[in-house]
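Report on the structure given below.
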Amino acid sequence: MKKFIVFCLLFFSTIKLFSEGISFGVFAEPLISWMKPNVASIQYNGVRAGFNLGLIADYYFTENYAVATGIGLNSCGGRLFYDNITPIYTSNGRKVINNQEMIFSLQYVEIPVGIKMKTNMIGRIAIFANVGLVPQINVKANAKASDFGFVDIRKDEIYLFNFGYNFGGGIEYSIGGNSSIVAGLLFKNGFTDITKTPSNDLRIIDKTTLSSLSIKIGIIF
């Protein structure tokens, strides 16, 4: 967390140098996330609650359109059921006993980039929608099975980079001056495989993607 805060300050300071026309803010996102495998030997087994928080930076190139970016620390994951032909290993080399549920707890630093479209103010309220891409870097990965608590899993079980898209919308409520409260819904879906765990059947290419649905709450200054 300390490293993330330092990184946020550097990110904020860099953007601040080019701050004309940019709105800044902070956000928090309670979320649910899930992992979607494409092979029969690994099965979707439910969602996991998580949390994302960070900074917002919107650069308005017209009155109603902005390039939306920022930085977040996204704690997410999912639940998968592994059968007896798909191994997974902990960081100390222990092979997880199969035929059981694995609960993944993952953490990513993300820097989304997209387009934000906002209506003119209707009283104190403006409605917005946004769509964009979400590159992510994995900074932590652990998992839990029925025979042990959460333990770090081996680095070569989770890919360092994840890439996906997001779309959502909501409202901005003006609280005076250039400040406003933001609230909305956001859906994220991954393009790329997040797990390196192979199937023993070499004819099958294992791919597991990560998705989430969140409620985004923030303050723009």
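The values are calculated or read from the model by the stated rules, or taken from the named source; none is laboratory data. Keep in mind that what you see is a predicted model, and the values were worked out from it rather than measured. Neighbour counts are summed over all protein chains in view; Cβ atoms, including those assigned to glycine, are modelled from backbone coordinates with ideal geometry.
Report yes if residue 129 is closer than 15 Å to residue 214 by Cβ, among the aliphatic types (A, V, I, L, M), exposed (fewer than 15 other Cβ atoms within 10 Å of the Cβ) and modelled with pLDDT of 95 or more, otherwise no. Step through it out loud before you land on a result.
Numbers: closer than 15 Å to residue 214 by Cβ: no; among the aliphatic types (A, V, I, L, M): yes; exposed (fewer than 15 other Cβ atoms within 10 Å of the Cβ): yes; modelled with pLDDT of 95 or more: yes.
So residue 129 fails the test.
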Looking at residue 123, is it in contact with a Leu (Cβ under 9 Å, 6 or more places away or on another chain) and free of Cβ contacts under 8 Å to residues at least 60 places away in the same chain? no
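Residues that are more than 20 Å from residue 50 (Cβ to Cβ) and either at pLDDT 90 or above or loosely packed, with under 13 Cβ neighbours inside 10 Å (or both): does the stretch 151-159 have at least one?
So the first thing to find is which residues in the stretch 151-159 are more than 20 Å from residue 50 (Cβ to Cβ), and the list is 154-156.
Subset that is either at pLDDT 90 or above or loosely packed, with under 13 Cβ neighbours inside 10 Å (or both): 155-156.
Yes, the stretch 151-159 contains at least one residue that is more than 20 Å from residue 50 (Cβ to Cβ) and either at pLDDT 90 or above or loosely packed, with under 13 Cβ neighbours inside 10 Å (or both).
Being part of a loop (DSSP other than H, G, I, E, B) and of a type in the set (S, T, N, Q) is the filter here, so list the residues in the stretch 100-149 that pass it. I'd like the intermediate steps shown before the answer.
Of the residues in the stretch 100-149, the ones part of a loop (DSSP other than H, G, I, E, B) are 111-112, 119-121, 123-124, 146-147.
Answer for the stretch 100-149, where residues must be part of a loop (DSSP other than H, G, I, E, B) and of a type in the set (S, T, N, Q): 119, 120, 146.
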Looking at (1) closer than 30 Å to residue 128 by Cβ; (2) modelled with pLDDT under 75; (3) not hydrophobic (A, V, I, L, M, F, W, C), find the lone condition where residue 84 falls short. (1)
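If the requirement is being in a loop (DSSP other than H, G, I, E, B) and either closer than 27 Å to residue 178 by Cβ or modelled with pLDDT of 85 or more (or both), which of these qualifies: 19, 13?
On the way: 13 fails: in a loop (DSSP other than H, G, I, E, B).
So the residue among 19, 13 that is in a loop (DSSP other than H, G, I, E, B) and either closer than 27 Å to residue 178 by Cβ or modelled with pLDDT of 85 or more (or both) is 19.
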For the stretch 197-210, does any single residue satisfy the condition of being exposed (fewer than 15 other Cβ atoms within 10 Å of the Cβ) and modelled with pLDDT of 90 or more? no
Which residue pairs have Cβ atoms closer than 6 Å, lie 6 or more positions apart in sequence or on different chains, and pair a first residue in the stretch 165-194 that is in contact (Cβ under 8 Å) with a residue 60 or more places away in the chain with a second residue that is of a type in the set (Asp, Glu)? 182/172
Taking the stretch 47-86 on its own, how many of its residues are under 25 Å from residue 138 (Cβ atoms) and either in contact with a helix residue (DSSP H, G or I) (Cβ under 8 Å, 6 or more places away or on another chain) or in a strand (DSSP E or B) (or both)? 25
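Could you please let me know if residue 114 is surrounded by 17 or more Cβ atoms within 10 Å (Cβ to Cβ), under 30 Å from residue 81 (Cα atoms), under 17 Å from the mean Cα position of the chain (by Cα) and of a type outside the set (Asp, Glu)?
Values: surrounded by 17 or more Cβ atoms within 10 Å (Cβ to Cβ): yes; under 30 Å from residue 81 (Cα atoms): no; under 17 Å from the mean Cα position of the chain (by Cα): yes; of a type outside the set (Asp, Glu): yes.
Criteria not met by residue 114.
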Can you go through 152, 193 and tell me which one is outside any strand (DSSP E or B) and closer than 25 Å to residue 34 by Cα? 193
